[in-house]
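Peer 1: Pasting in a structure now, in structure tokens, and then I'll have a few things to ask.
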Amino acid sequence: MRKTALVLGAGGFIGSHLVERLKTEGMVVHAADLKHPDFAASPADRFVLGDLRDPHVVRDVLDRRFDEVYQLAADMGGAGYIFTGEHDAQIMHNSATINLNVLDACHRIGVGRLFYSSSACIYPAYNQQDPDNPTCSEASAYPADPDSEYGWEKLFSERLYMAYRRNFAIDCHIARYHNIFGPMGTWRGGKEKAPAALCRKVAEAEDGGTIEVWGDGLQTRSFLFIDECLEGTLRLMRSGVSGPLNIGSDEMVSINGLARLIIDISGKSLSLRNIPGPVGVRGRTSDNTLLRASLDWAPDARLAVGLAKTYAWISRQTAALQAAAGSTTATTTIAMQDHVQRMPHPAMR
Ligand code: NAD
């Protein structure tokens, strides 16, 4: 019998890549999301378009005991979405409701293994004020003080999954993802994250021009390429380790440094202008000590390698849009955008 998996949030960035990866392993993959993936048709065997805040939809999707269920659906976005405060109520309500529904349905019908994607945003702000020495070891999560309501919801949901594990013996595996990036992620529209936003700005800039970077650009982060995120996710899910466990890179870079790396990759000569904007904590990177000890594995690809693949993909998107905008009517532009967004998967790996 072929193994079965269900991916919730399969229309999103990580979920759509995960479905593809599970299909290459020969699994039967069911999927659900509010929307289809933006950039390529999903290879899932069944794709349910539905709202996971509705318990009836969740029960319809969880209609059997899957070997593996991956819960990635969440209301989320980059700094421009989660740090302005404007979306706090909907972020907390929507994501918590999805998690409550998913756990209830898994409890009713049974599940082999259940994966939950938490976030580095759960770590306390007081440990991330020094851009050169942030503390993000798993044990440092408490006393809790996340800097966003998005982080608080993730922390609540981590505890919810752990409670179901304790009380109902559901085999949950929890990862704390740190800034995942790669081709076929959101790259415009307000929900894009720093690597995609900077790739877009660089791709759109004229040689010799300037790009804008939010904040003073000295805030630090680490970024994990999508292929390594999937590798870590599957290793954690299929291990005896329940987590929460960091899945991230420990190659820390300032945001200005990230912008300069992308400019180097583009071959353009551009300068940076730092402007006020939502920035989050001063420093954050993945501490992979526990990950290495638990899974005997940690990501090791250089940031520049994943950035080069991501920049190449985003510059093709921007070029196609610019070509469409330069042609005739607004109608043509919309049609082209749809065409650009539904191009087949590039050969990434
Ligand atoms: P994403 O926004 O691309 O994907 C999330 C998906 O959830 C979207 O396709 C969205 O339509 C879907 N969704 C939202 N509300 C829904 C609802 N009510 N019903 C059905 N589907 C719904 O995000 P992503 O980058 O793929 O992230 C996947 C998961 O990993 C999320 O839980 C996110 O919080 C977590 N995470 C991601 C990162 C990162 O850097 N990408 C970092 C930390 C944690």
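None of the figures in this text is laboratory data; all of them are computed from the coordinates on show. Predicted model only: the values in this text are computed from it and were never measured. Note that each Cβ is placed from the backbone with ideal geometry, even for glycine, and that neighbours are counted across all protein chains shown.
Peer 1: Compute the Cα gyration tensor for the chain, then decide on rounded, prolate or oblate, letting a ≥ b ≥ c be the square roots of its eigenvalues: rounded whenever a/c is under 1.5, prolate when a/b is larger than b/c in the other cases, and oblate in all that remain.
Peer 2: Oblate shape, in that a/c is at least 1.5 and b/c is the bigger or equal ratio.
Peer 1: Hey, another quick one. Please find, in a Gaussian network model of the chain (springs between Cα atoms separated by less than 10 Å), the residue of 146, 131, 276 whose mean-square fluctuation is greatest.
Peer 2: Evaluated over the chain, the most mobile residue of the options is 276.
Peer 1: Within the range 129-230, list the GluC sites (Glu not before Pro) lying in a DSSP loop whose Cβ has at most 16 other Cβ atoms in a 10 Å radius.
Peer 2: 206
Peer 1: In whole Hz, with x marking every Gly and Pro, tabulate ³J(HN,Hα) for the range 39-45 from phi via Karplus 6.51 cos²θ - 1.76 cosθ + 1.60, θ = phi - 60°.
Peer 2: Taking θ as phi minus 60°, the curve returns 10, 7, 5, 6, x, 4, 6 Hz for the range 39-45.
Peer 1: For residue 6, which sequence-distant residues (separation of 5 or more, or a different chain) have an amide H within less than 5 Å of its own amide H, given hydrogens modelled in the peptide plane?
Peer 2: Amide H to amide H, under 5 Å and 5 or more residues apart or across chains, residue 6 pairs with 30, 68, 69, 70.
Peer 1: Then there's this: List the pairs from 193/268; 23/191; 35/309; 35/191; 23/309 whose alpha-carbon separation is above 19 Å, in the order I gave them.
Peer 2: Numbers: 193/268 22 Å; 23/191 27 Å; 35/309 25 Å; 35/191 15 Å; 23/309 22 Å.
Listed pairs above 19 Å: 193/268; 23/191; 35/309; 23/309.
Peer 1: For residue 60 paired with residue 1, estimate the spin-label separation in nm (one decimal), with each label point 7 Å from Cα along the Cα-to-Cβ line.
Peer 2: Placing both labels 7 Å along Cα→Cβ, they lie 2.5 nm apart.
Peer 1: Which value, in debye to the nearest 20, describes the size of the charge dipole of the chain about its Cα centre when Lys and Arg Cβ atoms bear +1, Asp and Glu Cβ atoms bear -1, and nothing else is charged?
Peer 2: Charge dipole of the chain: 740 debye, to the nearest 20.
Peer 1: Suppose a student asked you for the relative contact order of the chain, using Cα pairs under 8 Å spaced at least 6 residues apart; what percent would you report?
Peer 2: Reported as a whole number, the value is 18 percent.
Peer 1: So if I place +1 on the C-beta of Lys and Arg and -1 on the C-beta of Asp and Glu, and nothing else carries charge, what would the dipole magnitude of the range 138-245 be about its Cα centre? I want it in debye, nearest 20.
Peer 2: The calculation lands at about 520 debye.
Peer 1: Further question on the same structure: Mind checking which of 43, 143, 278 has the largest fluctuation in a GNM of the chain, springs on alpha carbons under 10 Å?
Peer 2: In this elastic network of the chain, the residue with the biggest mean-square fluctuation among 43, 143, 278 is 143.
Peer 1: Where does the chain land at 222 nm, in deg cm²/dmol rounded to the nearest 500, when only DSSP H runs of n ≥ 4 count, each adding -39500 (n - 2.57), divided by all residues?
Peer 2: Per the formula, -13000 deg cm²/dmol.
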